[in-house]
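Quick notes on the structure that follows.
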Amino acid sequence: MNQHLQKFLSYLEIEKNYSPHTLLNYKLDVEEFQRLSQEIAIDKVDYPLLRRYLMELKTKQHKPRTLARKISTLRSFFKFLQREKIIQNNPALLLTTPKLDKKLPKFLSEEEMVRFIESPSLRKKAGKRDRALLEALYSTGIRVSELVGLNVDSVDFIGNVVKVLGKGKKERLVPIGDKALDAIKDYLESRKHKTTAIFLNQNGKRLTSRSINNIVDKYIQAGSLKFHISPHVLRHSFATHLLNRGADLRYVQELLGHANLSTTQIYTHVTTERLKNVYNKAHPRA
């Protein structure tokens, strides 16, 4: 099965442009199936075997989302094998995905967001970097992985846009506001390291996603916010605030870099819930 797995991963990388993180998840999922299926020949795998495998996964108390991902991996893997004529029939065709509850994304109010972004002290170099980092995340709505990859030449300070390398290695241009650009300029002028990456650690190396998580956590604790948030909450708040102020859903989809509109529609649930709360509080016969 190993040689088939390598072909499958190459297909995902070259033809599908999947990220290294996604490729690793696919690799681990297929390898786990390989171990638990006791290395049965690939053309001998059938639907009952896959069902037994999934039952074994359930006994390990995996979360529904993890199970759904593993099922999706098997479907893609066996579909690829059938396409390559390595197997005649796809045994994963009848596998059903567990129903997943849609979690409404957490977000900060506009007032909370302003306080949060302005919490880093500009008297310190690290504070200037952190202010620029928070401003950029909220102003653009980009993912942390996209922020990590930003270079100085990714930012058009005159045109107010940022060139972002998103999921599937797809580039897109995202507008960025003046406050974020001013914060980035201030940070770049204050730092001693002259390198291509924008956001650096104290050693002059590019920040990692984990470092950004730690930075956000630091200001959460300092500001005693009402609930624990991650850098992704800035992205959620970005989308929610745009929709609350009348932005078109398809425009928000493009800004977020979502391939499908259905992914963006989760934010309409957030704004609808907010409207319901306002209605219930204000209407005399609600």
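For the reader, a short list of remarks on this structure follows.
- Criterion: among the hydroxyl-bearing types (S, T, Y) and either in contact (Cβ under 8 Å) with a residue 40 or more places away in the chain or within 30 Å of S237 (Cα to Cα) (or both) - qualifying residue of T59, T66: T66
- One residue from T66, T96, T59 being outside the structural domain of L12 (by TED's automatic domain parsing) and either out of contact with any helix residue (DSSP H, G or I) (no Cβ under 8 Å at 6 or more places or on another chain) or surrounded by fewer than 16 Cβ atoms within 10 Å (Cβ to Cβ) (or both): T96
- Summed over region 118-138, residues that are under 15 Å from D217 (Cα atoms), of a type in the set (D, E, K, R) and not in a helix (DSSP H, G or I) total 1.
- For the condition touching a Pro at 6+ places or on another chain (Cβ under 9 Å), outside any loop (DSSP other than H, G, I, E, B) and not aliphatic (A, V, I, L, M), R115 does not qualify.
- Residues located in region 120-162, provided they are among the aromatic types (F, W, Y) and within 19 Å of R235 (Cα to Cα): Y138
- Search result, residues across region 164-215 that are basic (K, R), farther than 29 Å from K16 by Cα and modelled with pLDDT under 90: R191, K192, K194
Residue-wise test of (1) within 18 Å of G141 (Cβ to Cβ); (2) within 22 Å of the chain's Cα centre (by Cα); (3) in a helix (DSSP H, G or I); (4) not hydroxyl-bearing (S, T, Y).
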| site | (1), (2), (3), (4) |
| --- | --- |
| K179 | yes, no, yes, yes |
| D182 | no, no, yes, yes |
| K185 | no, no, yes, yes |
| L188 | no, no, yes, yes |
| K194 | no, no, no, yes |
| G204 | no, no, no, yes |
| I212 | yes, yes, yes, yes |
| D217 | no, yes, yes, yes |
| Q221 | no, no, yes, yes |
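- In a residue-by-residue description of region 139-148, the property of being in contact (Cβ under 8 Å) with a residue 12 or more places away in the chain and either assigned to a strand (DSSP E or B) or more than 22 Å from Q253 (Cβ to Cβ) (or both) applies to at least one position.
- Residue, surrounded by the fewest Cβ atoms within 10 Å (Cβ to Cβ), within region 232-284, restricted to residues that are among the acidic types (D, E) and touching a residue at least 60 places away in the same chain (Cβ under 8 Å): E273
- Pairing each residue of region 194-217 that is over 19 Å from V233 (Cα atoms) with any residue that is among the polar types (S, T, N, Q) and assigned to a helix (DSSP H, G or I), provided the two are 6+ apart or on different chains, yields C-beta distances under 7 Å for N201/S211.
- Scope region 27-42; condition surrounded by fewer than 17 Cβ atoms within 10 Å (Cβ to Cβ) and at pLDDT below 85; matching residues: R35, L36, Q38, E39, I40, A41
- Scanning region 61-83 for residues that are touching a His at 6+ places or on another chain (Cβ under 8 Å) and over 16 Å from L24 (Cα atoms) turns up just one, L81.
The values are calculated or read from the model by the stated rules, or taken from the named source; none is laboratory data. Just so we're clear, the structure is a prediction, and the values are computed from it rather than from any experiment. No Cβ is skipped: glycine too gets one built from the backbone with ideal geometry, and neighbour counts run over all protein chains shown.
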